[in-house]
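Asks: Quick one: the structure is below, and I'll ask about it shortly.
Throughout, read-outs are computed from the coordinates displayed, never taken from laboratory work. Here the structure is a predicted model, which is why all the values come from computation and not from measurement. With ideal geometry, Cβ positions are generated from the backbone for all residues, glycine too; neighbour counts draw on all protein chains shown.
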Amino acid sequence: MNIIIAGDGMVGSTLARQLCAEGHNVTLVDRDNSVLERSVETYDAMGICGNCASMETLLQAGVKEAELLIAVTNSDEVNLLCCTVAHGLNPGLHAIARIRNPEYTEQASKLRNIFGLSLVINPDRQAALEIERLLKYPGFLKRDSFAKGRTEIVELRITADSKLCHIALIDMYNIVKCKVLVCAVLRDGQCITPRGDFVLEEGDRIFVTAPTENLSTLLRNLDIITRRVRRCLICGGSRVAYHLAQFLEKHNIAVTIIEQDFHRCQSLTAQLPEINVIHGDGNDQSLLESEGLRDVDALVSLTGSDEINMIISLYARTQQVPQVITKLRRVDNREIIDALSLDSVVSPKEMCSNTIARYVRAMQNQVGAAVSVHSIADGQAEASEFIVDSNTRFCNTPLKDIKLKPGVLLVSITRGTRTEIPGGLSTFRKGDSVVVVTSRENVLYQLNDIFA
């Protein structure tokens, strides 16, 4: 597929790496020639230096032959204009725009046809929704939902005092007392697809598939004490903080936002009159203590600096804050992040890239495409949800009689309201929702791609 990426920032370069690896013809457009040169040298992509919203630049980038344009510059206005101009030059083009300003998001969605947009993405709102989900279920480092919320893949860290430390997976049921499946384990930065005799060790991060109703049982039997979040402290008044405060207010959670920029404080106070907004530095220990850090149920660090976010989160952990969530722009160096034991980490840019990559796959395979795709195990594996249709092979055949490709694991089957962790006698049939975990190298465009 011929794809143009307008904007060679973090999201643009991440998409270029991912889409080039999947065999697409990618052209990057950016004003900064030095940035383009690095990307062109690193990835098998073309580079065009110029204004992304200029007709001349888009023609030079091959917009008339392109099938998809992805506008992810730092300017919402440029992204909208870029998509509009590109659609005028090629009416059959699919166009995706990243829009971060809340004032633009709603009107861009309502006026999609006028702007020539196929998809509007607001990564800040996405990140806020993810953080809200984590706050609803304290105890998990990450949660990904499938089958309309009936199936989850959750991440847990094995600590020295964990009931699962030094336990083989085959004996796990005796401890957790509910049916779950460990679909991946991260150990020393490497993703492992474990067998039943695999023994969990301190420091492992495990990815567990379970029906949603089993999650409370899982936490309770692992002695992971959770309590409902009633007070949340947010450091940094970013757009993510704005969306998150809106969501938490609906759940009657008391929210305090600490923001260093006085004008931003005034703006947040006007937009969120029921939220307590404090003008100050979230990195100031005395300020955190005066705002009751030791008494809050959760702290979320959302400043514009990864380093400051990590420092705030690490300090909050020393003060025994029950739940700490850290926003990071860069998550490519996971070894350092793991060494710091930051608990839950959310990356808006990574979420944005995953959403766009899923759209690209759906374009390639309009029938039978994955309905959701989540990156797990630090991007070394993917969890994909498919709906079984009339074209799916091996319907009603026991799984023990089906040979799957290497590195492919079928982790759940949902039929109606019932979710099953599959065994050898399990079958799937038309209409079922099936979740599959694969190594990142195994790109799945449809369910039939899992079969050997």
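Asks: Take Leu28, Leu129, Leu444 and order them by how many other Cβ atoms sit within 10 Å, fewest up front.
Replies: Leu129, Leu444, Leu28
Asks: Within segment 379-423, which residues have the backbone N less than 17 Å from the label spot 7 Å out from Arg220 along Cα→beta-carbon, could you tell me?
Replies: Under cut-off, by backbone N: nothing.
Asks: Looking at segment 44-171 only, what percent of DSSP beta bridges run antiparallel? Nearest 5 please.
Replies: On the way: 5 of 12 bridges.
Taking every DSSP beta bridge within segment 44-171, about 40 percent pair in antiparallel fashion.
Asks: Additional query: In what sequence do Lys110, Lys177, Lys403 fall when counting other Cβ within 10 Å, fewest first?
Replies: Details: Lys110 11, Lys177 14, Lys403 7.
Exposure proxy ranking, most exposed first: Lys403, Lys110, Lys177.
Asks: Under 8 Å for C-alpha pairs, at least 6 residues apart: give me the relative contact order for the chain, rounded to a whole percent.
Replies: It comes to 11 percent, rounded to a whole number.
Asks: Going Cα to Cα from Lys163, which lysines come in below 26 Å? Please leave out same-chain ones fewer than 8 positions away.
Replies: Lys136, Lys142, Lys177, Lys179
Asks: Normalized C-alpha radius of gyration of segment 143-221, against 2.2 N^0.38 Å?
Replies: 1.04
Asks: Same structure again: Which of the aspartates and glutamates could be linked to Lys148 by a straight reach, that is with a Cα gap under 15 Å, when you skip same-chain ones fewer than 8 residues away?
Replies: Filter leaves Glu213, Glu385, Glu420, Asp432.
Asks: Quick check on the chain: helices-only [θ] at 222 nm, where DSSP H runs of length 4 and up contribute -39,500 (n - 2.57) each and the sum goes over total residues. Nearest 500, please. Each step should come with its number before you reach the end.
Replies: Numbers: 15 runs with 145 residues, N = 452.
Here the helix-only value at 222 nm equals -9500 deg cm²/dmol.
Asks: Evaluate the distance, in nm, between pseudo-label points positioned 7 Å from the Cα of Tyr173 and of Ser54 along their respective Cα→Cβ axes.
Replies: A separation of 6.5 nm, rounded to one decimal place.
Asks: Another question, then. Report the antiparallel proportion of the DSSP beta bridges in segment 294-452 as a percent, rounded to a multiple of 5.
Replies: So the antiparallel bridges in segment 294-452 amount to around 75 percent.
Asks: Still on this structure, I have one more. Are there any trypsin sites (Lys or Arg not before Pro) in segment 1-87 that are in a DSSP loop and have at most 13 other Cβ atoms within 10 Å? List them by number. Can you show the working numbers first?
Replies: Numbers: sites: Arg17, Arg31, Arg38, Lys64; in loops: Arg31, Lys64.
Of the trypsin sites (Lys or Arg not before Pro), the ones in loops of segment 1-87 whose Cβ has at most 13 other Cβ atoms within 10 Å are Lys64.
Asks: Could you check what % of the DSSP bridge pairs in the chain are antiparallel, to the nearest 5?
Replies: Details: 43 of 83 bridges.
Once the DSSP bridges in the chain are tallied, antiparallel ones form about 50 percent.
Asks: Which order results if Cys191, Cys232 are arranged by neighbouring Cβ count within 10 Å, fewest first?
Replies: In increasing order of surrounding Cβ atoms, one gets Cys191, Cys232.
Asks: Less than 29 Å apart at the alpha-carbon level, and either on another chain or at least 8 residues along: which lysines does that give for Lys64?
Replies: Of all the lysines, those that pass the test against Lys64 - Cα under 29 Å, at least 8 places apart if same chain - are Lys110, Lys349.
Asks: Going 7 Å from the Cα of Gln190 along its beta-carbon direction, which residues of segment 202-218 have the amide nitrogen within less than 19 Å of the resulting point?
Replies: Those under the cut-off are 202-207.
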